[in-house]
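*Asks:* Have a look at this one.
The values are calculated or read from the model by the stated rules, or taken from the named source; none is laboratory data. Source: prediction; values computed, not measured. All Cβ positions, even for glycine, are placed from backbone atoms using ideal geometry, and neighbour counts span all protein chains on display.
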Amino acid sequence: MLVVMQEGATERQTEAVIDRLVKMGFTVHRSTGVVHTVLGGVGPVDDFDPAAFEVMEGVKECHRIVSPYKLASRHFKPAGTVIQIGSVQIGGKDVVAMAGPCSVESEEQIEASAEAVSHAGAKVIRGGAFKPRSSPYSFQGMGEAGLKILRAAADRNGLLVISEVMDQVQIPLLLEYADILQVGARNMQNFNLLRELGKTRKPILLKRGIAATIEELLLSAEYILSGGNYEVMLCERGIRTFETSTRNTMDIAAIPVLRRLTHLPVIADPSHGTGKRDYVLPMARAAVAAGADGLLVEVHPDPDHAVSDGAQTLHPKQFAELMKQMQAVATAIGRAA
Ligand code: PEP
Ligand code: MN
């Protein structure tokens, strides 16, 4: 249930509504907007009459939330979520680029990547230290050593760090070294991991599973939000279809759909979305034009020798061109890059 407080409702009036919701068995999440405070009551309570809340002092309106996800719904935060990390805003006017190699391989590789992507205008360096590989015999990542390398290169180049967390036991390490924790496509429905991330207060980038519907993606986000971590961004990274020309089918339409259904920022990953270097730039343009709040792009100083995902990884020069074009598209739609 959602209770929208009137403009100028007092703290005492808001508290009275919260008390009543809690007494009925709801867990209450509060969203303080510029104009209205919205109270989201979640929990297994079906038997209530919204009209009983509408007569309370300071209440503007009260609705049942019909979607299966509640806190992820745009109704909970109509103005949209803006995630502020240092001086970087995700979900605001700027389209934010996060870029770097698929995997952390060495100090030299990350330093060269950080320099190149920051020079081109990216705000966040990416790189997997724990890698979810289809084969157990493929490179599995450098672990903590890789995270240390990422952190140091990011700090030298004025960047934030995003890196993947594959399992609950890795959370403390990621909290220590990363600014954004990435949940990979394969873990979108790892509910134990999502619940644990809900207890943290670090921004999470949640990737869409390869066979997940948009509603399932939003329900996975709900696991994190319901733990009280409201800093979640969603990532469209392509889904598996019958098409074989691309590694995945990038669902550009998911971007405007998500922007309508949810207040959470939407990031697009044209690298995994296509699997081929040549298609990354056009899909990056399309994603920004469709309303993405940011891009996650694989870039490597020597992509042909990358240990993972080389075929979809850009040369630094190609990334610089992508940033230039992204800026042009962002400007055309009234945003900044
Ligand atoms: C990655 O970002 O390198 C990655 C493994 O992505 P995904 O989970 O989307 O496959
Ligand atoms: Mn990758």
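*Asks:* Can you find, within segment 311-336, the residue that is farthest from Asn248 (Cα to Cα) among those that are in a helix (DSSP H, G or I), of a type outside the set (A, V, I, L, M) and in contact (Cβ under 8 Å) with a residue 24 or more places away in the chain? It would help to see each step written out before you state the result.
*Replies:* At the first step, the residues of segment 311-336 found to be in a helix (DSSP H, G or I) are 311-312, 316-332.
Imposing the further condition that a residue be of a type outside the set (A, V, I, L, M) reduces the set to 312, 316-319, 321, 324-325, 327, 331.
Retained after the next criterion (residues that are in contact (Cβ under 8 Å) with a residue 24 or more places away in the chain): 312, 316, 318-319, 321, 325, 327.
Working: Gln312: 11, Pro316: 23, Gln318: 21, Phe319: 21, Glu321: 23, Gln325: 23, Gln327: 26 Å.
Looking at the filtered set, the residue picked out is Gln327.
*Asks:* Filter segment 130-176 for residues that are closer than 14 Å to Lys202 by Cβ and free of Cβ contacts under 8 Å to residues at least 24 places away in the same chain and give the result.
*Replies:* Listed by number, the list holds a single entry, Pro172.
*Asks:* Could you please find all residues in segment 111-129 being surrounded by 24 or more Cβ atoms within 10 Å (Cβ to Cβ) and either within 22 Å of Ala320 (Cα to Cα) or free of Cβ contacts under 8 Å to residues at least 24 places away in the same chain (or both)? Break it down into steps so the answer makes sense when it comes.
*Replies:* Filtering segment 111-129 for residues surrounded by 24 or more Cβ atoms within 10 Å (Cβ to Cβ) gives 113-114, 117, 122, 124-129.
Matches in segment 111-129: Ser113, Ala114, Val117, Ala122, Val124, Ile125, Arg126, Gly127, Gly128.
*Asks:* Here are some conditions: (1) surrounded by 15 or more Cβ atoms within 10 Å (Cβ to Cβ); (2) closer than 19 Å to Thr262 by Cα; (3) touching a strand residue (DSSP E or B) at 6+ places or on another chain (Cβ under 8 Å). Lys93 meets all but one. Which one does it not meet?
*Replies:* Here Lys93 clears every test but (1).
*Asks:* Which one is farthest from Phe319 (Cα to Cα), of the residues in segment 293-305 that are assigned to a strand (DSSP E or B) and over 15 Å from the mean Cα position of the chain (by Cα)? Write out each step before concluding.
*Replies:* Looking only at segment 293-305, we keep the residues that are assigned to a strand (DSSP E or B), and these are 294-299.
Keeping just the survivors that are over 15 Å from the mean Cα position of the chain (by Cα) gives 298-299.
Values: Glu298: 9, Val299: 7 Å.
The selected residue is Glu298.
*Asks:* Got at least one residue in segment 208-218 being among the charged types (D, E, K, R) and either crowded, with 22+ Cβ neighbours inside 10 Å or outside the structural domain of Leu295 (by TED's automatic domain parsing) (or both)? Before you say what the answer is, go through the steps one by one.
*Replies:* The initial filter retains those residues of segment 208-218 that are among the charged types (D, E, K, R), namely 208, 215-216.
Add one more test, that the residue is either crowded, with 22+ Cβ neighbours inside 10 Å or outside the structural domain of Leu295 (by TED's automatic domain parsing) (or both), and what stays is 208.
Yes, segment 208-218 has at least one match.
*Asks:* Test Glu105 against the criterion of being in contact with a His (Cβ under 9 Å, 6 or more places away or on another chain) and either at negative phi or free of Cβ contacts under 8 Å to residues at least 24 places away in the same chain (or both), and give yes or no. Quick ask: steps written out before the conclusion?
*Replies:* On the way: in contact with a His (Cβ under 9 Å, 6 or more places away or on another chain): yes; either at negative phi or free of Cβ contacts under 8 Å to residues at least 24 places away in the same chain (or both): yes.
So Glu105 fits the description; yes.
*Asks:* Counting just the residues of segment 110-131 that are touching an Asp or Glu at 6+ places or on another chain (Cβ under 8 Å) and more than 26 Å from Ala286 (Cβ to Cβ), which one comes out nearest to ligand 2 (Cβ to nearest atom)? Talk me through it step by step, then tell me what you get.
*Replies:* Narrowing segment 110-131 to residues touching an Asp or Glu at 6+ places or on another chain (Cβ under 8 Å): 124, 126, 128-131.
Now drop any that are not more than 26 Å from Ala286 (Cβ to Cβ), which leaves 129-131.
Working: Ala129: 13, Phe130: 12, Lys131: 8 Å.
Checking each candidate, the answer is Lys131.
*Asks:* Testing Glu57 on (1) in contact (Cβ under 8 Å) with a residue 40 or more places away in the chain; (2) touching a Lys or Arg at 6+ places or on another chain (Cβ under 9 Å); (3) surrounded by 17 or more Cβ atoms within 10 Å (Cβ to Cβ), one condition comes back false. Which one is that?
*Replies:* Condition (3) is where Glu57 drops out.
*Asks:* Still on this structure, I have one more. With respect to Ala211, determine if the residue is more than 16 Å from the chain's Cα centre (by Cα), within 16 Å of ligand 1 (Cβ to nearest atom) and at pLDDT 95 or above.
*Replies:* Against the criterion (more than 16 Å from the chain's Cα centre (by Cα), within 16 Å of ligand 1 (Cβ to nearest atom) and at pLDDT 95 or above), Ala211 qualifies.
*Asks:* Just to be sure before I move on: is Ala79 of a type in the set (A, V, I, L, M, F, W, C), more than 15 Å from ligand 1 (Cβ to nearest atom), closer than 26 Å to Arg260 by Cα and within 18 Å of the chain's Cα centre (by Cα) in the structure I sent? Working first, answer last.
*Replies:* Numbers: of a type in the set (A, V, I, L, M, F, W, C): yes; more than 15 Å from ligand 1 (Cβ to nearest atom): yes; closer than 26 Å to Arg260 by Cα: yes; within 18 Å of the chain's Cα centre (by Cα): yes.
When the stated conditions are applied, Ala79 passes them.
*Asks:* Something else about it: Listed residues Thr32, Thr27, Thr37; which is within 21 Å of Glu231 (Cα to Cα), without any contact (Cβ under 8 Å) to a residue 24 or more places away in the chain and of a type in the set (Ser, Thr, Tyr)?
*Replies:* Numbers: Thr27 fails: without any contact (Cβ under 8 Å) to a residue 24 or more places away in the chain; Thr37 fails: without any contact (Cβ under 8 Å) to a residue 24 or more places away in the chain.
Every option except Thr32 fails the conditions.
*Asks:* Could you pull out the residue among Lys123, Lys199, Lys131 that is closer than 17 Å to Gly86 by Cα and either in contact with a Cys (Cβ under 8 Å, 6 or more places away or on another chain) or of a type in the set (Lys, Arg) (or both)? If you could, list the steps in order and put the result at the bottom.
*Replies:* Details: Lys199 fails: closer than 17 Å to Gly86 by Cα; Lys131 fails: closer than 17 Å to Gly86 by Cα.
When all the criteria are applied, what remains is Lys123.
*Asks:* If a residue has to be in a loop (DSSP other than H, G, I, E, B) and surrounded by 13 or more Cβ atoms within 10 Å (Cβ to Cβ) to count, how many in segment 60-76 make the cut? So that I can check it myself, show each step before the final result.
*Replies:* Taking segment 60-76 and keeping what is in a loop (DSSP other than H, G, I, E, B), we get 64-72.
Those still in the list that are surrounded by 13 or more Cβ atoms within 10 Å (Cβ to Cβ) too: 65, 67, 69-72.
The number of residues fulfilling the criteria is 6.
*Asks:* A further question on this structure: So Ser87 clears everything in (1) at negative phi; (2) away from ligand 2 (no atom under 15 Å from the Cβ); (3) in contact (Cβ under 8 Å) with a residue 12 or more places away in the chain except one condition, right? Which one?
*Replies:* Checking Ser87 against (1) at negative phi; (2) away from ligand 2 (no atom under 15 Å from the Cβ); (3) in contact (Cβ under 8 Å) with a residue 12 or more places away in the chain, the one that fails is (3).
*Asks:* Residues of segment 237-253 being more than 10 Å from ligand 1 (Cβ to nearest atom), within 21 Å of Val288 (Cβ to Cβ) and surrounded by 12 or more Cβ atoms within 10 Å (Cβ to Cβ), which ones? Please lay out each step first, then the result.
*Replies:* Step one: filter segment 237-253 for residues more than 10 Å from ligand 1 (Cβ to nearest atom), giving 239-246, 249-253.
With the extra rule that they be within 21 Å of Val288 (Cβ to Cβ), the set shrinks to 239, 246, 249-253.
Scanning segment 237-253 gives Ile239, Thr246, Thr249, Met250, Asp251, Ile252.
*Asks:* Restricting the search to segment 123-139, which residues are farther than 22 Å from Ala97 by Cα and touching a Ser or Thr at 6+ places or on another chain (Cβ under 9 Å)?
*Replies:* Let us first name the residues in segment 123-139 that are farther than 22 Å from Ala97 by Cα, namely 132-139.
Across segment 123-139, the qualifying residues are Arg133, Ser138, Phe139.
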